[in-house]
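**Student:** Attaching a single structure in structure tokens format; questions to follow.
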Amino acid sequence: MMIDLYLKKHNHSYYLEYGEEIFSLLNQPCLHVRVHNLEGNKRIYPVFQQNAMIYGDYSDYMRMHGCACCSLTSVLAAMRRSKAGFMPQDTIRIVEKEYLPRWDYEKNYSKPVSRQMPVTLYGISQILKKESIQCNYVMHFERKTAMDVIDRHLRSGNPVIFETSRIRYKKNLPVSFNDKKYAGSYHTMIMLGYDRQGKVVFTDSATRSWAGDRQRLKWADLSELMNYMFPQKNTESNPVYFQKRRNTGGFILVYVWEKIENLIQKNIDKLIFIPYN
């Protein structure tokens, strides 16, 4: 199933426009989201349902750990023609195997499936860079600054890969330790941009009862999503597969459109004063 989103520009900011007909099409095992820019170029993001059990020998892994692989596959497919037909299991057995350290890859996938771990945001950023996809991984952040950076990046028409947990924050302090609105434990998704009403349009491989028929794409205020995001605490260690909370977190700014990319890249050092790779 394919739906179309159109980048429009208003007062130097980009937003996504779409028709009402898309809302009845969002609860699919795989939804292809075609994003058009002003020049008529297109990026197609396949958005997968991780518990769809359509991934062959990797179906159990995807059901338990598949959110990061789904998000990585979406961006690779959108950005590289050679990956346009990839399913998440292709990303695991071909892309991860080629680009991540052999010892880490073999150690992770030699374990029982329940103990295998997803690729981290750091691991995702390394794969994107090896595919020559420009990105900045922001490991550690102060919440207000991060929100400003993400807001400007989305307004430039570019996506953000981000991670949430079941800990909800308010003014930098945790106020709930078991809020599963956006994550059972940890969860990786992609912000595609703002819509006309200022809501963030984001992908989600998980099926949430509160979302009704709006599953593969969801909408939320950026401030709400930020309440569930968290920085990586241990900035001295960069595992490519999840180990523990201190070694994961942050977000990835991805540069999709070349003309916009050149404009925003000039200001990236001014926007981000926090550690990134």
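**Student:** Could you please tell me which pairs satisfy a Cβ distance under 6 Å, a separation of 6+ or placement on different chains, a first residue in segment 198-213 that is without any contact (Cβ under 8 Å) to a residue 40 or more places away in the chain, and a second residue that is of a type in the set (Gly, Ala, Ser) and buried (at least 17 other Cβ atoms within 10 Å of the Cβ)?
**Tutor:** From residues that are without any contact (Cβ under 8 Å) to a residue 40 or more places away in the chain, there are no pairs.
**Student:** List the number of the failed condition for Lys218; all other conditions in (1) of a type in the set (Lys, Arg); (2) out of contact with any helix residue (DSSP H, G or I) (no Cβ under 6 Å at 6 or more places or on another chain); (3) at pLDDT 90 or above hold.
**Tutor:** (2)
**Student:** Pick out, from segment 1-90, the strands (runs of 3 or more DSSP E) lying fully within it that include 3 or more residues that are over 21 Å from Ile127 (Cβ atoms).
**Tutor:** Those strands (runs of 3 or more DSSP E) span 2-10, 13-17, 30-36.
**Student:** Would a scan of segment 117-125 turn up a residue that is farther than 18 Å from Met189 by Cα and open to solvent by less than 60 Å² (accessible area, probe 1.4 Å)? Please lay out each step first, then the result.
**Tutor:** Residues of segment 117-125 that are farther than 18 Å from Met189 by Cα, as a first pass: none.
Looking through segment 117-125, none of the residues is farther than 18 Å from Met189 by Cα and open to solvent by less than 60 Å² (accessible area, probe 1.4 Å).
**Student:** Moving on to the next point. Can you tell me which residue is modelled with the highest pLDDT among those in segment 145-179 that are surrounded by fewer than 16 Cβ atoms within 10 Å (Cβ to Cβ) and basic (Lys, Arg)?
**Tutor:** Lys170
**Student:** Can you tell me which residue in segment 10-24 is surrounded by the most Cβ atoms within 10 Å (Cβ to Cβ), limited to those that are free of Cβ contacts under 8 Å to residues at least 40 places away in the same chain and charged (D, E, K, R)?
**Tutor:** Filtering first and then ranking leaves Glu21.
The values are calculated or read from the model by the stated rules, or taken from the named source; none is laboratory data. Model, not experiment: these values are computed from the prediction. When we count neighbours, we look across all protein chains shown, and the Cβ atoms used for this are built from the backbone with ideal geometry, even at glycine. Keep in mind that these areas ignore ligands, DNA and RNA; they rest on the heavy atoms of the full protein, side chains included. Shrake-Rupley method; radii C 1.70, N 1.55, O 1.52, S 1.80 Å.
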